[in-house]
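What follows is one structure encoded as structure tokens, with my remarks underneath.
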Amino acid sequence: MRKTIFAILLGFSGAGFAGGGMLQNECSTCHNITGPAAQTLKEAFEKKGPDLFYAGNKYRQEWLVSWLQKPQRIRPAGMYYGNHIKAGAKGDEVDVSTLNEHVALSKADATSVAAELMRLKPHDDLTAKEKIGAGAISKQMGEMAFNKFLGCMACHLIEPEYGGLSGPEVYTAAKRLQPEYMASYIRSPQAWDPKSWMPNKHLSDINIQKMVNYLKVLSEETENAK
Ligand code: HEC
Ligand code: HEC
């Protein structure tokens, strides 16, 4: 009897009772959860979702828990430059009709999968190198650097409809990502993903700090606007 109840309580969500089982069974078809990163362009083009094998070095756990219950698009053009861009009146537009909804999890499943993901930390070596200071930057100065001096806006949205479409939106980045990850990825995208489309712009430590602080300001503003 006890065994039956146990099975009913936990069994309903399929493999969901164990975050690891669920990751393996329901997520690994689209996400790389074991590494290594794609080593060839062919592999990179075949990716169906972002790599999750270093999730514990990258994401903020509370964000994972909430996003997995209510996933919202992060990359406006979908993964990864597939056939989601169409010619529009004002230039290229994203053809949203071809993008699919992400699977949404129950609170319990989201919590256990997020905990499982946070254990995947093969890149402590990279994040340990980043020291995040408490520096502040005004939104205007940050935007000037992001857009004009460092050329980041060609690929990233800094507001829902403002900026480039080929990278992930960055106005939510600080809500989603650990600051050390942002710093490290900006320092060298290829250290995380040899085939990343983001160029290494060889930013100085000061500019890396500026960008991380700017992304923090942007996310706080997005939060307040809600
Ligand atoms: C059909 C393919 C598919 C399956 C199955 C799938 N995902 Fe995803 N996932 C994606 C795509 C595509 C994105 C990128 C969405 C975007 O950028 O808007 C994504 C994004 C994510 C993100 C955000 C990561 C980031 O950096 O943007 C997380 C976390 C995630 N998925 C976890 C999971 C988990 C956990 C499962 C299993 C329960 C799962 N996914 C199953 C395709 C999939
Ligand atoms: C040529 C396009 C391009 C340019 C220019 C570019 N990026 Fe990126 N960026 C990307 C892509 C593509 C990704 C990540 C791929 C993925 O996870 O889907 C990325 C990822 C990031 C991330 C991690 C975001 C996340 O959600 O995982 C940050 C932070 C970031 N870029 C900041 C910057 C900054 C700062 C600059 C300017 C110095 C910059 N980028 C310039 C394309 C670009």
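The values are calculated or read from the model by the stated rules, or taken from the named source; none is laboratory data. For clarity, every value in this text was computed on a predicted model and none was experimentally measured. Quick reminder, even Gly has a Cβ in these numbers, built from the backbone with ideal geometry, and neighbours come from all protein chains shown. Areas reflect the complete protein model, heavy atoms only, side chains present, ligands, DNA and RNA absent. Shrake-Rupley method; radii C 1.70, N 1.55, O 1.52, S 1.80 Å.
Take Met141 and Tyr162, extend 7 Å from each Cα along the Cα→Cβ direction, and tell me the distance between the two endpoints in nm.
My value for the distance between the label points is 1.9 nm.
How big is D, in µm² s⁻¹, for segment 92-189 by Stokes-Einstein at 25 °C and 0.890 mPa s if Rh is the Kirkwood radius over C-alpha pairs?
Answer from the Stokes-Einstein relation: 151 µm²/s.
How large is the charge dipole for segment 123-226, taken about the Cα centre, if only the Cβ atoms of Lys, Arg (+1) and Asp, Glu (-1) carry charge, to the nearest 20 debye?
Taking the Cα centre of segment 123-226 as origin, the dipole is about 200 debye.
Quick one: length gained pulling Lys129 to Ala115 fully straight, 0.36 nm per residue minus the C-alpha distance?
2.6 nm
Per the 1.4 Å probe, what fraction of the accessible area of segment 160-204, in percent, lies on carbon and sulfur atoms?
56 percent
Lys70 versus Phe149, label points 7 Å from Cα toward the beta carbon: distance in nm?
A separation of 3.7 nm, rounded to one decimal place.
Using 7 Å Cα-to-Cβ label points, what is the Trp63/Asn100 separation (nm, one decimal)?
Using points 7 Å along Cα→Cβ, the separation is 2.4 nm.
Collect residues whose amide H, placed 1.01 Å from N in the peptide plane, falls under 5 Å from the amide H of Tyr59; neighbours closer than 5 in sequence don't count.
So Tyr59 has HN proximity to Gln178.
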